[in-house]
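The values are calculated or read from the model by the stated rules, or taken from the named source; none is laboratory data. Remember, predicted model here, so these are calculated numbers, not experimental data. No Cβ is skipped: glycine too gets one built from the backbone with ideal geometry, and neighbour counts run over all protein chains shown. Surface accessibility is based on the protein's heavy atoms, side chains included, excluding ligands, DNA and RNA. Shrake-Rupley method; radii C 1.70, N 1.55, O 1.52, S 1.80 Å.
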Amino acid sequence: MNEHNDPMGKVAESPFARVGRAPEDWRHLLIKACWTLLYMSYLYYAVDDLRSGRHTELATQLGWIGLSAFVAGYFYLTLAPRPEGYVPSRIAILGGLYVLALTLALTLGGAWTVLLVYVSISSGVMLPLKWSLKSVPFVSLTVFLLGMIEHAATVEVLLLVLPTFLGGAAMIAVMQMGRTMRELREARATVAHLAANEERLRLARDLHDLLGHSLSLITLKSELAGRMLPEHPEKAAQQVADIEKVSRQALVDVREAVSGFRRPTLEAELAGARTALAAAGIAVDLGGATDRHPDLAPDTEGALAWALREAVTNVVRHSGARRCEVTVAERDDELCLTVTDDGHGPGGPYGNGLTGLTERLALADGRLETGPAPHGGFRLRAYVPLSRRAEPRPPTLSV
């Protein structure tokens, strides 16, 4: 199912995956109409039976009327706008289609049994799960009994029963998958909202802790300097100098707090990678990933965290992988992030994501390497430099 992010951060559904939902505009209506007309070709058997001339004129006319009513009801259930949820009038129409299909099959012959395939598919889409799990087997059983009544061959019966059951079961699975995806999107949106609120609260706590003490100290020293100013100008000047130092340090602390709020961290991105890959059904191995390194500067850690986020996003959206491995290892004076999957890799040149990632790593004096993995799949490696602390040199002896 294709997805894209809207400006509000919500995940929008693909217009090609709106099975069981009303069309929202003419484009969606045209797409659904084309698909519906495609599998309406099964009605060939009923139309051919009416044109065969083996029925009386009255029976043929009534057959055309019944077929038209069935198609009209089916198109109404499939294409007509409707509110969310299960509408009793539509369920009643579905029951009417079942009765009409059964009547036509009993009166005009076994060729009309194919109409029950559409009833089964509609049941899988229109009915709640607990009802559709019963209605699809019931309709399939009806097809089997009609085949027995018509004394049809075993192969012919199976050719009708299997599409009836499998078509309905497939629609049940598609609808259930759609419900699960909607619940997953809602859950992810809720988690993202809670995470954003938690970050806002963290920043508010940091600013309170940083500025509360500094502003209190500035206030006290200002009062003290005011009292000293007439008689002890030198001491007052010292208090003013202390106020300047405290205010400058408070400004530095606020900038660091805000910078830390905006810059992603490797620890947070590793946790997000585990959640995103698990939600996509991809087995993930983070055993070789460490979230802290003593020689990793904040800016380079942010670049590495961006690399991990982009790599995991590509694995989830484009790779078709079943397994993903993430490692973070030290190599000489660099820290290497490796993301390996068993998917098919990109189908063309770099997209905007990897291009922007290459530029971001370059700003941190890092580099990006991508290519096929040794055992198939795709591998991304991001390198960032480590800021080594100066090690004490052994003293030299002079002669």
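Data table
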| item | result |
| --- | --- |
| Peptides 56-64, 327-335 ordered by average Cβ neighbours within 10 Å, highest first | 327-335, 56-64 |
| Values of log10 I(q)/I(0), in the order q = 0.32, 0.33, 0.34 Å⁻¹, for the stretch 303-342 under a Debye, Cα-only, solvent-free model | -1.09, -1.13, -1.16 |
| Accessible-area composition of the stretch 271-331, carbon plus sulfur, in percent [1.4 Å probe] | 49 |
| Sequence ranges 175-185, 306-316, ranked by mean other-Cβ count within 10 angstrom, highest first | 306-316, 175-185 |
| Mean Cβ count within 10 Å, highest first, over the residues of peptides 267-277, 377-387 | 377-387, 267-277 |
